[in-house]
Amino acid sequence: MSQVPAYKRILLKLSGEALMGDDSYGINRTTIEQIVGQIKEVVELGVEVGVVIGGGNIFRGVAPAAAGMDRATADYMGMMATVMNALALKDAMTKAGLIARVQSALTMQQIAEPYVRGKAMQYLEEGKVVIFAAGTGNPFFTTDTAAALRGMEMNVDIMLKATKVDGVYTDDPKKNPDAVRYQTLTFDEAISRNLKVMDATAFALCRDQNLNIKVFSIFKSGALTRVVLGEDEGTLVHC
């Protein structure tokens, strides 16, 4: 198997829910260590890695817990949840021997650097993992949209959307055993078929800027490495 990466720089989008593992809430240490192990494998291949993390395992602005709240306030709370996740991710990376930096779109100088594009790109070039927290820093935008934005700002080769399912299927594979995984999809097909892989704003941003998305399972052993090596893993959404 070729060990030459197909991509030099990637943006990995992790949902907050991915950090829960089998728990109903919060951060599962075993799960976060498994995710970091996969990231370490691709860093050791020489791939530059940026990560955008969600906050749904702690608080989500559109969740039932936010019912009745001002939407902007709820979204800011969700952004702070992503900072908590980013710090946990950085801690796990440090323990695994990786060098990571957290940059936040909201100013929290005691615990994270402010987001500065040039500094983030410098870190990537130095082989450090950059974890982008607090979404875009604006309410009403999801962390999927933040991932699309950061991916374009960092000039990444591809955005990797880590999920619990190993790609995009014609139907729910848990409910329909005959569901077939798409190897490739165009952005227009994904939008017209209402495939809820990412929100429409993120899709539109990536489509307009020709930033391809690979959807894969972060819980499948070695999947991230196979994606980075250009193997048939997950589903490629392209222009």
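The values are calculated or read from the model by the stated rules, or taken from the named source; none is laboratory data. Only a predicted model underlies this, so the values are computations on that prediction, with no experimental measurement involved. For neighbour counting, all protein chains shown are included, and Cβ atoms are generated from backbone atoms with ideal geometry for every residue, glycine included. In case anyone asks, the SASA skips ligands and DNA or RNA and just uses the protein heavy atoms, side chains included. Shrake-Rupley method; radii C 1.70, N 1.55, O 1.52, S 1.80 Å.
In the set Lys119, Lys164, which member is open to solvent by 20 Å² or more (accessible area, probe 1.4 Å) and touching a residue at least 40 places away in the same chain (Cβ under 8 Å)?
Numbers: Lys119 fails: touching a residue at least 40 places away in the same chain (Cβ under 8 Å).
Exactly one residue qualifies, and that residue is Lys164.
Which of the numbered conditions does Tyr7 fail, given that it passes all the others? Conditions: (1) exposed (fewer than 14 other Cβ atoms within 10 Å of the Cβ); (2) assigned to a loop (DSSP other than H, G, I, E, B); (3) not acidic (Asp, Glu).
For Tyr7, the exception is condition (1).
I need a count of the residues in region 64-97 that are among the aliphatic types (A, V, I, L, M), out of contact with any Phe, Trp or Tyr (no Cβ under 7 Å at 6 or more places or on another chain) and within 18 Å of Ile27 (Cα to Cα).
So the answer is 11.
Could you grab me the full set of residues in region 178-202 that are surrounded by 18 or more Cβ atoms within 10 Å (Cβ to Cβ) and either in a strand (DSSP E or B) or in contact (Cβ under 8 Å) with a residue 40 or more places away in the chain (or both)?
Tyr182, Leu185, Phe187, Ala190, Val197, Met198, Ala202
From Thr136, Thr107, Thr82, which residue is over 24 Å from Thr235 (Cα atoms), open to solvent by less than 10 Å² (accessible area, probe 1.4 Å) and among the hydroxyl-bearing types (Ser, Thr, Tyr)?
Thr82
How many of the residues in region 122-133 are outside any loop (DSSP other than H, G, I, E, B) and open to solvent by 70 Å² or more (accessible area, probe 1.4 Å)?
Number satisfying all stated conditions: 2.
Out of region 203-228, which residues are in a helix (DSSP H, G or I) and under 29 Å from Val36 (Cβ atoms)?
Within region 203-228, Phe203, Leu205, Cys206, Ala223, Leu224, Thr225, Arg226, Val227, Val228 meet the criteria.
Can you tell me which residue is least open to solvent (accessible area, probe 1.4 Å) among those in region 55-72 that are farther than 15 Å from Phe141 by Cβ and not small (Gly, Ala, Ser)? Don't jump to the end; show me each part of the working.
In the first step, residues of region 55-72 are kept if they are farther than 15 Å from Phe141 by Cβ; the result is 57-59, 63-70.
Restricting the remaining residues to those that are not small (Gly, Ala, Ser) gives 57-59, 64, 69-70.
Working: Asn57: 2, Ile58: 41, Phe59: 36, Pro64: 120, Met69: 69, Asp70: 94 Å².
Out of the qualifying residues, it is Asn57.
Just the residues that are under 18 Å from Lys214 (Cα atoms) and either at pLDDT below 95 or open to solvent by 50 Å² or more (accessible area, probe 1.4 Å) (or both), please, taken from region 16-40.
The one that is under 18 Å from Lys214 (Cα atoms) and either at pLDDT below 95 or open to solvent by 50 Å² or more (accessible area, probe 1.4 Å) (or both): Ala18.
Which of (1) within 17 Å of Lys161 (Cβ to Cβ); (2) touching a residue at least 60 places away in the same chain (Cβ under 8 Å) is the odd one out, the single condition Gly56 does not satisfy?
(2)
Looking only at region 150-161, which residues are open to solvent by 10 Å² or more (accessible area, probe 1.4 Å) and either part of a loop (DSSP other than H, G, I, E, B) or among the hydroxyl-bearing types (Ser, Thr, Tyr) (or both)?
Asn155, Val156, Asp157
Being within 21 Å of Gly56 (Cα to Cα), within 17 Å of the chain's Cα centre (by Cα) and among the hydroxyl-bearing types (Ser, Thr, Tyr) is the requirement here; does Thr142 meet it?
Considered against the rule, which asks whether it is within 21 Å of Gly56 (Cα to Cα), within 17 Å of the chain's Cα centre (by Cα) and among the hydroxyl-bearing types (Ser, Thr, Tyr), Thr142 comes out as yes.
Would you tally the residues in region 57-86 being in a helix (DSSP H, G or I) and more than 16 Å from Ile39 (Cβ to Cβ)?
Final tally of qualifying residues: 17.
Going by the structure shown, is Ala147 within 14 Å of Leu11 (Cα to Cα) and not in a helix (DSSP H, G or I)?
Considered against the rule, which asks whether it is within 14 Å of Leu11 (Cα to Cα) and not in a helix (DSSP H, G or I), Ala147 comes out as no.
Could you please find all residues in region 4-19 being more than 25 Å from Val62 (Cα to Cα) and not charged (D, E, K, R)?
Residues satisfying the conditions are Val4, Pro5, Ala6, Tyr7, Ile10.
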